[in-house]
Amino acid sequence: MSIVRAINLRTIQTLFSLLRNGMIASTWSIAVFSSDDFVSTAPKENKLKKPTLQASDVTDVPAEFVADPFIIQHESEFFLFFEVLNKASGRGEIGLATSADGHKWNYRKVVLREKYHLSYPQVFTDKGDFFMLPETAETNRVILYKSKNFPFEWEVTCELFSGRFLDPSIVNINDKWWIFAGTSEGNFHLFHSEKLEGPWIEHLQSPIISNNMRITRPGGRITVSDGIVYRYTQADYPHYGDSVRLFKVTKLSEFEYEEEEVDLILSGSKEENDWRKDGMHHIDQLKMNSGKWLIAVDGHKFKKMNYMAWKLDSLLSKIFK
């Protein structure tokens with residue numbers, strides 16, 4: 001059998017399987033809650049009772065789900081940036097919600113879209129300017145954005161380095177920049193630079209970890225608390241979006257890197273119909289002016305869908321977008 005015929009046969013078999021058995025999709029949602037302390041253990045269940053933001057809250061595009069939340073405070077207002085999977089385009093776009101108190105959130109709109117998939121919109125400041133480092137792995141580049149008019153307008157400022165890196169997480173420690181990033185092969189890469197715009201250099205030990213789908217891909221912002229550097233990892237095994245673990249970085253220099261696992265932070269509730277039944281894969285922690293912490297997480301549940309209904313919904317979204 002020719003390669004073309006084999007591929008066509010597999011495609012037909014897959015299609016009939018989807019029609020017969022349905023398809024499995026993940027519905028992601030976001031929860032935001034406050035904490036007196038930095039979260040280094042699993043949060044109490046009452047903090048995760050219900051989501052703060054769901055696909056149904058998105059009003060300007062037909063959203064499949066919302067995920068990857070990042071929080072930043074500017075003056076007296078809180079800004080939540082996150083991925084919106086647009087049914088019409090089939091791509092991730094960056095949405096925004098705002099809050100005056102960190103508890104009640106109002107969806108605003110999609111603030112960044114490209115002809116490629118965007119997710120993981122880490123927003124941060126440097127020398128008074130606002131920057132965003134989203135995942136742009138589809139372009140095979142790590143691309144930095146700068147705000148023209150915070151929080152609504154963003155433009156590309158430069159390419160930091162090339163490569164298909166997942167969820168690049170940036171942090172400044174003692175006036176030196178670091179980026180922690182994963183790959184689809186289960187590798188953890190580390191980069192450093194004296195300046196935000198580069199040049200960026202890969203760490204001598206990088207990849208720090210290889211061929212491990214449980215602890216290599218970043219699961220949120222690199223956080224410094226009481227002088228200790230912490231990194232979060234999302235487990236993509238036994239399935240994508242399974243759980244989040246916390247690691248404490250014990251050595252970090254141009255020549256050395258060491259870490260130790262602290263705890264399992266987030267996981268699925270396993271409760272039927274719960275919004276995070278089947279797993280969680282992201283956390284962001286912001287220390288507020290009050291000294292308390294504002295925490296944003298995401299979670300998902302699998303749902304079985306009729307393939308034809310899903311395809312029709314996608315087509316209608318494109319027609320009426």
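The values are calculated or read from the model by the stated rules, or taken from the named source; none is laboratory data. No experiment lies behind these values; they were computed from the predicted model shown. Don't worry about glycine lacking a Cβ; one is built from the backbone with ideal geometry, like all the others, and counts go over all protein chains shown. Ligands, DNA and RNA are stripped out before the accessible areas are found, and what is left, the full protein with its side chains, is counted by its heavy atoms. Shrake-Rupley method; radii C 1.70, N 1.55, O 1.52, S 1.80 Å.
Values for this structure:
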{"item": "Rg to Rh, two decimals, where the range 167-272 supplies the alpha carbon set and Rh follows Kirkwood", "result": "0.99"}
{"item": "List 280, 213, 288, ordered by accessible area with a 1.4 Å probe, largest first", "result": "213, 288, 280"}
{"item": "Reach of residue 277 by Cα under 19 Å, taken over lysines that are not fewer than 8 positions away in the same chain", "result": "44, 47, 49, 50, 301, 303, 304"}
{"item": "Cα pair count fraction exceeding 31 Å, expressed as % - the chain", "result": "31 percent"}
{"item": "The range 128-269 - accessible surface per residue (Å², probe 1.4 Å)", "result": "43 Å²"}
{"item": "Cβ-based net charge around residue 31, under 12 Å, with every Lys or Arg adding one and every Asp or Glu removing one", "result": "0"}
{"item": "Residue-wise HN-Hα coupling along the range 115-122, computed from phi with Karplus coefficients 6.51, -1.76, 1.60 (Hz; x: Gly, Pro)", "result": "7, 10, 5, 10, 7, 6, x, 6"}
{"item": "Neighbourhood net charge (13 Å Cβ-Cβ; Lys/Arg +1, Asp/Glu -1) for residue 165", "result": "-3"}
{"item": "FRET efficiency, 1/(1 + (r/R0)^6) with R0 41 Å, evaluated for residue 292 and residue 164 via beta carbons", "result": "0.60"}
{"item": "Within straight-line cross-link reach of residue 148, aspartates and glutamates at Cα separation under 19 Å, skipping those fewer than 8 residues along the same chain", "result": "75, 77, 93, 114, 126, 129, 159, 197"}
{"item": "Over the range 224-291: Kirkwood hydrodynamic radius from C-alpha pairwise inverse distances, Å", "result": "13.7 Å"}
{"item": "The chain - percent of accessible surface contributed by carbon and sulfur, probe 1.4 Å", "result": "48 percent"}
{"item": "Highest-first arrangement of 93-103, 294-304, where packing means the average Cβ count within 10 Å", "result": "294-304, 93-103"}
